[in-house]
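The values are calculated or read from the model by the stated rules, or taken from the named source; none is laboratory data. Computed from a predicted structure; not experimentally measured. Every residue, glycine as well, gets a Cβ built from its backbone with ideal geometry; the counts of neighbours run over all protein chains shown.
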Amino acid sequence: MNPAQYWRSSKTWQKWLGKTGTVLSSSVVHVASAEFAACAPYSYALIDFGNEKHEFMGVDQEILAAGDQVQCVFRKMETPQLEALIPYGMKVQKIS
Amino acid sequence: MRISRPVGILSYGTYLPAFVVSGEEIERAQSKVGENLAGSLGVSQKTVPNQDEDTATFSVAAAFQATQRWAGSQADIGALFIGSESHPYAVKPTGTMVHRALGLSEDMALADLQFACKAGTQSLQVGTAYVLSEMAKVALAIGADTAQGRPGDVLEFTAGAGAAAYLIGQENILVKILATASVASDTPDFWRRPGQAYPEHAGRFTGGPGYFHHIALATQKILAETQLTPDQLDYCVFHTPNGKFPVTVAHQLGFTPKQLAPSLVVKNIGNTYAAASLLALAAVLDQAPAGAKVLMTSYGSGSGADCFLLETTPLLVQKRKSWRNLVQDQIERTNPISYQTYRRYTETTQQL
Amino acid sequence: MKISILGSSITDFGELWDKSLEDLFASAIDGALQHAHLDSKDIEAVFVANMAAGSLNHQRQLNALVAQHFPHYPPAMRLEAACASGGVAMLAAEYALLAGQFKTVLVVGAEKMTDVSSPELTNILSSAAYSATEQGSTFPTLYALFAQHHMHKYGTTRRQLSSVVVKNHLHALDNPHAQFHKKLTIEQVEASAVVATPLHLLDCSPITDGAAAVILTTNAVSKKPTILGWGQGQDSLDLAGRDSLDELRATRQAAEKAYTAAQLSAKDIQVAEVHDCFTIAELFAIEDLGFVPKGQAGRATENSLTTYGGQVVVNPSGGLKASGHPTGATGVKQVAYLAQLLEKQQYQYGLTHNVGGSGATAVVHILGGTS
């Protein structure tokens, strides 16, 4: 992600931080794109936030299933390359 | 210095990652089974960050909890200081990511601090100064770390991960800041050169000339300035490089085990470095009654110490009733992982 | 005005190391001209379908690349709608013909996918999703979310998904150009590596090089298949914007428009080439095209309703799964394959169904036979 893309997408962090929703459908991704390969296997889910829906990756190591209550948290999206901007973003975590 | 004008903690939040690795697992990995190293260090397990976590993600989580518990306006936060030994960038403050994630105002004084384990409390003190000087209405101070211990080294037993965030201001104070003082010297007990994955430490030298000397110096300074004796205080919090040092220094300075006990979360989370004293303080504040006097002294290798005299208010007790995810709750929801898994996770979160 | 399919051609589909993108285009174009008994100068305009040559082959301005294959450089344009590029290129040609702009045009779709590494390819293909909001997804992941939902809501089983693969691989044995000529069993499908739960590797269409071309004319001709109707449906780019995961609404809308234009209904369709980029996609397709009621696709496939001797022959070519899926070519290949079956008088009414990405775009064509 280049600096301008990072900067534009980071404007959405505040909107999602802390928001809660219900998982509508979820899959565990075993074969991922190159930049997410180190995170695999990870969950990817479609979430219902009440007034809108959005798709998010689940936090590392957590398996999500339809019906789970989740909350948006701030995490690293992918393993950062040593010299690159660290790709932060929002993921969802099960609410215990 | 005694503070004559009102200033204090308006809210606080903490974050602990969900994984812990036990002292037994580490003993096995280090082929030191039966030596009871974990027992002698007073740390039975320590927290481990997930692969997608780092000091910035911790800071956001702790700061978010602090702001969620606070009825004030985020637009009033005009200063943001974060202390850590594991800032994700050597150049680009961790504070910038927290700033963005929380959506804070662009009117902001912001910088990262480093002073080993006292960088968090130093941030608290800087924030207090900004508020008192009216350079900011509200300040946000965070201590956060994803500490690393070299495989096979004794620090592997204690180097944990966590964060604590404090909002400081003058209105609707939960915990008054009555006095604060700092001491500093050049005492080379622990350091890390850039590009090195793990710090170096000077063994037992870290004790006497380091930890004990500086904590005593700063604490005695505050006690003298405020003309208080330990028995007049309700709680004490001392930096927790392990579970033993704070017990010893508390005793040396005339405090009782009962005054110290609520702060000893180190047993279950390890040494969270720049977050340690602030997390220990949070554990105390999570259960202290109104009108309780708390003395906190942190220690940062290299060396220095920050001491604070605090007093809880009835507002803290009232507000706390609706809070969730207190420090103890987060400790209780941690899950144990194997040494192998712990090493795999920490390889990805390694800071250089 | 009647649009007839004068000629068509499909190249071999597969891992074609010695064929460049340009070779693939040339091969399909020459084959179609030959089949139609036309001279290249008879083509008045060219419509080019391709998804990702800019990234895969570092080649853009494909309209010019293709036009220069003709000595007279006919006007050409390139259409892109991810895996529905072929379908929308067909539509562009049809609109131009109906407008009276041209009388005889050629539509060609091609994709050269196998030069880049697999991770790089996954990354390029994922750009057909909504990059701003679907970070972390891959195509199998998005369809896996559909699959989880369909299994949960309608009781579709793992075995029913696998039966799509078994059927399409059997069908492909009759398609000389198919990428795979290999029977597969339910067990083999389920033993293949998990890609994104519940989809396994063998639930997914392969990476394929290939091209296909058709020549369309509004001149009066006889004994050639005709295009009876078409329809395009459009929906949100990302899954989050869809009304529900129950259906691909774009497919349903495209089909409704096509049936209306052709004055036919789902019952009339005897053969169909549908977009089985993943097994679950074929199940959604046969429901959303109206062949079987919603939720029944798994059962229908398991009970052989979508193969020879059943209700409608779905994917006689082997579909995307067994004949291969060069993304830009598929929409054109589907029309070409059915046109060839219809010309051989094997059926009277056929339907093609081409989808872009996770269902944002769908194009349906209904073809009529020669009798």
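Conditions (1) within 21 Å of B:Pro241 (Cα to Cα); (2) not aliphatic (A, V, I, L, M), marked per residue:
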{"site": "B:Val48", "(1), (2)": "yes, no"}
{"site": "B:Gln74", "(1), (2)": "no, yes"}
{"site": "B:Ala79", "(1), (2)": "no, no"}
{"site": "B:Gly95", "(1), (2)": "no, yes"}
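For the stretch B:88-102, the criterion of being outside any loop (DSSP other than H, G, I, E, B) and without any contact (Cβ under 8 Å) to a residue 12 or more places away in the chain is met by at least one residue.
Taking (1) within 19 Å of the chain's Cα centre (by Cα); (2) more than 30 Å from C:Pro74 (Cα to Cα); (3) of a type outside the set (A, V, I, L, M) in turn, C:Glu134 satisfies each apart from (1).
Among the conditions (1) in a loop (DSSP other than H, G, I, E, B); (2) away from chain A (no Cβ under 12 Å); (3) touching a residue at least 40 places away in the same chain (Cβ under 8 Å); (4) not basic (Lys, Arg), B:Glu106 misses just one, which is (3). Taken over the stretch A:40-84, residues that are in contact (Cβ under 8 Å) with a residue 24 or more places away in the chain and of a type in the set (Ser, Thr, Tyr) amount to 1.
Regarding C:Gly210, is this residue within 17 Å of the chain's Cα centre (by Cα) and more than 30 Å from C:Asp18 (Cβ to Cβ)? Judged against the criteria, C:Gly210 is not a match.
Here B:Ala275 clears all of (1) among the aliphatic types (A, V, I, L, M); (2) over 27 Å from B:Gln45 (Cα atoms); (3) surrounded by 24 or more Cβ atoms within 10 Å (Cβ to Cβ) except the condition numbered (2). Counted as qualifying within the stretch B:255-352 are the helices (runs of 4 or more DSSP H) with 2 or more residues that are hydroxyl-bearing (Ser, Thr, Tyr), namely B:339-349. Considering only the stretch A:1-19, state which residues are away from chain B (no Cβ under 12 Å) and either crowded, with 20+ Cβ neighbours inside 10 Å or not in a helix (DSSP H, G or I) (or both). Across the stretch A:1-19, the qualifying residues are A:Met1, A:Asn2. Taking (1) of a type in the set (S, T, N, Q); (2) surrounded by 18 or more Cβ atoms within 10 Å (Cβ to Cβ); (3) within 14 Å of another protein chain (Cβ to nearest Cβ) in turn, C:Ser244 satisfies each apart from (2).
If the condition is being polar (S, T, N, Q) and either facing chain B (nearest Cβ under 9 Å) or touching a strand residue (DSSP E or B) at 6+ places or on another chain (Cβ under 6 Å) (or both), then the stretch A:71-96 contributes A:Gln71, A:Thr79, A:Gln93, A:Ser96. If you filter the stretch A:23-39 down to residues that are farther than 23 Å from B:Thr346 by Cβ and touching a residue at least 12 places away in the same chain (Cβ under 8 Å), you find that the one that is farthest from the other protein chains (Cβ to nearest Cβ) is A:Val23. Condition first: buried (at least 23 other Cβ atoms within 10 Å of the Cβ), among the charged types (D, E, K, R) and under 30 Å from A:Lys15 (Cα atoms). Can you find one or more residues in the stretch B:80-92 that meet it? Yes, the stretch B:80-92 contains a residue that is buried (at least 23 other Cβ atoms within 10 Å of the Cβ), among the charged types (D, E, K, R) and under 30 Å from A:Lys15 (Cα atoms). Across the stretch C:226-265, the qualifying residues are those that are outside any helix (DSSP H, G or I), free of Cβ contacts under 8 Å to residues at least 60 places away in the same chain and of a type outside the set (D, E, K, R), and the one among them that is farthest from C:Gly298 (Cα to Cα) is C:Gln263. In the set C:Ala129, C:Ala172, only one residue is in contact with a His (Cβ under 8 Å, 6 or more places away or on another chain), of a type in the set (A, V, I, L, M, F, W, C) and more than 30 Å from C:Pro74 (Cα to Cα); that residue is C:Ala172. When the residues of the stretch C:141-158 are filtered to those that are more than 7 Å from chain A (Cβ to nearest Cβ) and within 16 Å of C:Ala196 (Cβ to Cβ), the one that is surrounded by the fewest Cβ atoms within 10 Å (Cβ to Cβ) is C:Arg158.
Quick check, is B:Ser22 surrounded by fewer than 20 Cβ atoms within 10 Å (Cβ to Cβ) and at pLDDT below 95? No: the conditions fail for B:Ser22. Among the residues of the stretch A:49-70, those identified as more than 7 Å from every other protein chain (Cβ to nearest Cβ), surrounded by 15 or more Cβ atoms within 10 Å (Cβ to Cβ) and either closer than 23 Å to B:Phe64 by Cα or under 11 Å from the mean Cα position of the chain (by Cα) (or both) are A:Phe49, A:Phe56, A:Gly58, A:Glu62, A:Asp68, A:Val70.
Looking only at the stretch C:36-61, residues that are in contact (Cβ under 8 Å) with a residue 40 or more places away in the chain and either not small (Gly, Ala, Ser) or not in a loop (DSSP other than H, G, I, E, B) (or both) come to 16 in all. Would you confirm whether any residue within the stretch B:156-165 is under 16 Å from the mean Cα position of the chain (by Cα), among the polar types (S, T, N, Q) and under 29 Å from B:Glu200 (Cα atoms)? Checking the stretch B:156-165: at least one residue is under 16 Å from the mean Cα position of the chain (by Cα), among the polar types (S, T, N, Q) and under 29 Å from B:Glu200 (Cα atoms). For the stretch C:176-234, the candidate set comprises residues that are among the aliphatic types (A, V, I, L, M) and within 14 Å of chain A (Cβ to nearest Cβ); within that set, the residue that is surrounded by the most Cβ atoms within 10 Å (Cβ to Cβ) is C:Ala196. Checked against (1) assigned to a loop (DSSP other than H, G, I, E, B); (2) hydroxyl-bearing (Ser, Thr, Tyr); (3) surrounded by fewer than 24 Cβ atoms within 10 Å (Cβ to Cβ), B:Ser40 meets all criteria but (1). Where helices (runs of 4 or more DSSP H) fall wholly inside the stretch C:292-359, the ranges with 1 or more residues that are under 19 Å from the mean Cα position of the chain (by Cα) and surrounded by fewer than 24 Cβ atoms within 10 Å (Cβ to Cβ) are C:330-343. Looking only at the stretch B:44-60, count how many residues are at the interface with chain A (Cβ under 7 Å from one of its Cβ atoms), surrounded by 24 or more Cβ atoms within 10 Å (Cβ to Cβ) and in contact with a helix residue (DSSP H, G or I) (Cβ under 7 Å, 6 or more places away or on another chain). So the answer is 5. Restricted to strands (runs of 3 or more DSSP E) entirely inside the stretch A:28-90, those with at least 3 residues that are farther than 18 Å from C:Ala129 by Cα are A:69-76.
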